[in-house]
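Trainee: Please find one structure pasted underneath; my questions will follow.
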Amino acid sequence: MRKREILVRDEEESDPRYGKIPTERSVEELIETGVINLDKPVGPSSHEVTAWIKKILQVRKIAHAGTLESPNMGDGEILKFQEFYQ
Amino acid sequence: MKLHGNVGDKRLRKILEEFTGPIYQRPPLRSAVKRVTRIRRVYKIDFLEREGRYVLIKIWCEAGTYIRKLCHDIGEVLGVGAHMFELRRIRAGSFSEKANLSTLQDVIDSYILWKEHGIEEYIRRVILPMENAVLHVPKVIIRDSAIDAICHGAPLAVPGILQVETGIKVNDIVAIFSKKGELVAIGKALMRSEEMVSSKKGIAVKTTQVLMSPGTYPSMWKKAVR
């Protein structure tokens, strides 16, 4: 990964009353919005494995990203990352 | 890759070398994309080991490269034919085999430990914050007051920006973050990094995918007066 530097336009802190630092999310929140770097077994398709994870975690929305042959996957919002993981 | 005939090491290495750089590929019959010949970049092919006709190679390539097709094509050029025998993805974007890789069993075990015994440690190693998916994407960090409009799909205007990572070019995909390190949205840059910092006004990023729920931060933008 290329090393990037940060250019500062303005300084301002975030209001602690809103939002949450990612590491402070509850497990429930993680299940709702997180991602899993899954070691998919050889055999079942990405699609099948995604359905199993959906059942295990009892989530409503789930998707995988990664090629036909082997995936990275996650829950819910991961749908939106798919363009990075063709 | 399994070769269908005998090929010497020297010749194999030479042909593998020829398959690095831009290559033409027509997506296979059963494919998720339109079947038109397209160019994909193969950055590097490492010849790891072989045992007779079985050859183990490590490939660094652009997203959308069909490896099964690549193996087939290498076989054609070698003149003996070949097919992909087994494939393992070792890295994709910011994910790799090295960190936080979980098996299906890890998912089940960690979920049960959390759900039935209240142990969080393991499931937190399995389910990662979504921010992990964009570690490789350049960041734009914005003010609290700009967040909710973005969550409603608005583009990011320059005054809402606090910090920008260097190296962003027009049309690059960028990740919009809050100062707390939360991923707000993904978008397409309409300016270079330097312009995002030096411009007084203008649209810096067109929002393409919103990740944060609207209402997480208070809405500060002016609503139309009826």
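Trainee: Name the residue that is surrounded by the most Cβ atoms within 10 Å (Cβ to Cβ), counting only residues in segment B:65-106 that are part of a helix (DSSP H, G or I) and touching a helix residue (DSSP H, G or I) at 6+ places or on another chain (Cβ under 9 Å). Even if it seems obvious, please write down each step before you answer.
Mentor: Pass one, segment B:65-106, residues part of a helix (DSSP H, G or I): B:67-78, B:104-106.
Add one more test, that the residue is touching a helix residue (DSSP H, G or I) at 6+ places or on another chain (Cβ under 9 Å), and what stays is B:74, B:77-78, B:104, B:106.
Numbers: B:ILE74: 24, B:VAL77: 13, B:LEU78: 18, B:LEU104: 17, B:ASP106: 17.
Among those residues, the one meeting the criterion is B:ILE74.
Trainee: Residue by residue through segment A:15-66, note down the ones that are in a strand (DSSP E or B) and not polar (S, T, N, Q). Steps first, answer last, please.
Mentor: Residues of segment A:15-66 in a strand (DSSP E or B): A:35-38, A:62-66.
The answer is A:VAL35, A:ILE36, A:LEU38, A:ILE62, A:ALA63, A:HIS64, A:ALA65, A:GLY66.
Here is a yes/no grid of residues against (1) without any contact (Cβ under 8 Å) to a residue 24 or more places away in the chain; (2) under 12 Å from B:PHE19 (Cβ atoms); (3) of a type in the set (Phe, Trp, Tyr):
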{"position": "B:GLU49", "(1), (2), (3)": "yes, no, no"}
{"position": "B:VAL55", "(1), (2), (3)": "no, no, no"}
{"position": "B:ILE59", "(1), (2), (3)": "yes, yes, no"}
{"position": "B:LYS69", "(1), (2), (3)": "no, yes, no"}
{"position": "B:HIS72", "(1), (2), (3)": "yes, yes, no"}
{"position": "B:GLU76", "(1), (2), (3)": "yes, yes, no"}
{"position": "B:GLY79", "(1), (2), (3)": "no, no, no"}
{"position": "B:ALA82", "(1), (2), (3)": "no, yes, no"}
{"position": "B:ARG91", "(1), (2), (3)": "yes, no, no"}
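Trainee: Oh, and also: Can you tell me which residues in segment A:24-39 are within 7 Å of chain B (Cβ to nearest Cβ) and either aromatic (Phe, Trp, Tyr) or free of Cβ contacts under 8 Å to residues at least 12 places away in the same chain (or both)? Before the answer, list the steps.
Mentor: Initial filter on segment A:24-39 (within 7 Å of chain B (Cβ to nearest Cβ)): A:25, A:27, A:30-31, A:33-39.
Hits for segment A:24-39 are A:ARG25, A:VAL27, A:LEU30, A:ASP39.
Trainee: Please find, within segment B:139-150, the residue that is surrounded by the most Cβ atoms within 10 Å (Cβ to Cβ) out of those that are more than 9 Å from chain A (Cβ to nearest Cβ) and in a strand (DSSP E or B).
Mentor: Ranking the candidates gives B:ILE142 first.
Trainee: If a residue must be within 20 Å of B:GLY181 (Cβ to Cβ), aliphatic (A, V, I, L, M) and at pLDDT 95 or above, how many such residues does segment B:116-147 contain?
Mentor: 5
Trainee: Confirm whether B:ILE176 is buried (at least 22 other Cβ atoms within 10 Å of the Cβ) and more than 9 Å from every other protein chain (Cβ to nearest Cβ).
Mentor: Details: buried (at least 22 other Cβ atoms within 10 Å of the Cβ): yes; more than 9 Å from every other protein chain (Cβ to nearest Cβ): yes.
It is true that B:ILE176 is buried (at least 22 other Cβ atoms within 10 Å of the Cβ) and more than 9 Å from every other protein chain (Cβ to nearest Cβ).
Trainee: Only residues that are more than 9 Å from every other protein chain (Cβ to nearest Cβ), hydrophobic (A, V, I, L, M, F, W, C) and free of Cβ contacts under 8 Å to residues at least 24 places away in the same chain: list them for segment A:40-60, please.
Mentor: A:ALA51
Trainee: May I ask you to list pairs of residues, at least six apart or on different chains, whose Cβ atoms are under 9 Å apart, with the first in segment B:190-211 being more than 10 Å from every other protein chain (Cβ to nearest Cβ) and the second being part of a strand (DSSP E or B) and among the charged types (D, E, K, R)?
Mentor: B:LEU190/B:LYS206; B:VAL205/B:LYS188; B:LYS206/B:LYS188; B:THR207/B:LYS188
Trainee: If you don't mind, another one. Restricting the search to segment B:107-136, which residues are within 7 Å of another protein chain (Cβ to nearest Cβ) and in a loop (DSSP other than H, G, I, E, B)?
Mentor: B:GLU120, B:ILE127, B:PRO129, B:HIS136
Trainee: Is it the case that some residue within segment B:151-165 is surrounded by fewer than 23 Cβ atoms within 10 Å (Cβ to Cβ), farther than 20 Å from A:ASP10 by Cβ and free of Cβ contacts under 8 Å to residues at least 24 places away in the same chain? Steps first, answer last, please.
Mentor: Within segment B:151-165, the first condition is being surrounded by fewer than 23 Cβ atoms within 10 Å (Cβ to Cβ), and the residues that meet it are B:151-155, B:157-159, B:162-163, B:165.
Narrowing further to those that are farther than 20 Å from A:ASP10 by Cβ: B:151-153.
Narrowing further to those that are free of Cβ contacts under 8 Å to residues at least 24 places away in the same chain: none.
Among the residues of segment B:151-165, not one is surrounded by fewer than 23 Cβ atoms within 10 Å (Cβ to Cβ), farther than 20 Å from A:ASP10 by Cβ and free of Cβ contacts under 8 Å to residues at least 24 places away in the same chain, which makes the answer no.
The values are calculated or read from the model by the stated rules, or taken from the named source; none is laboratory data. These numbers were taken from a predicted model, which means no experiment stands behind them. When we count neighbours, we look across all protein chains shown, and the Cβ atoms used for this are built from the backbone with ideal geometry, even at glycine.
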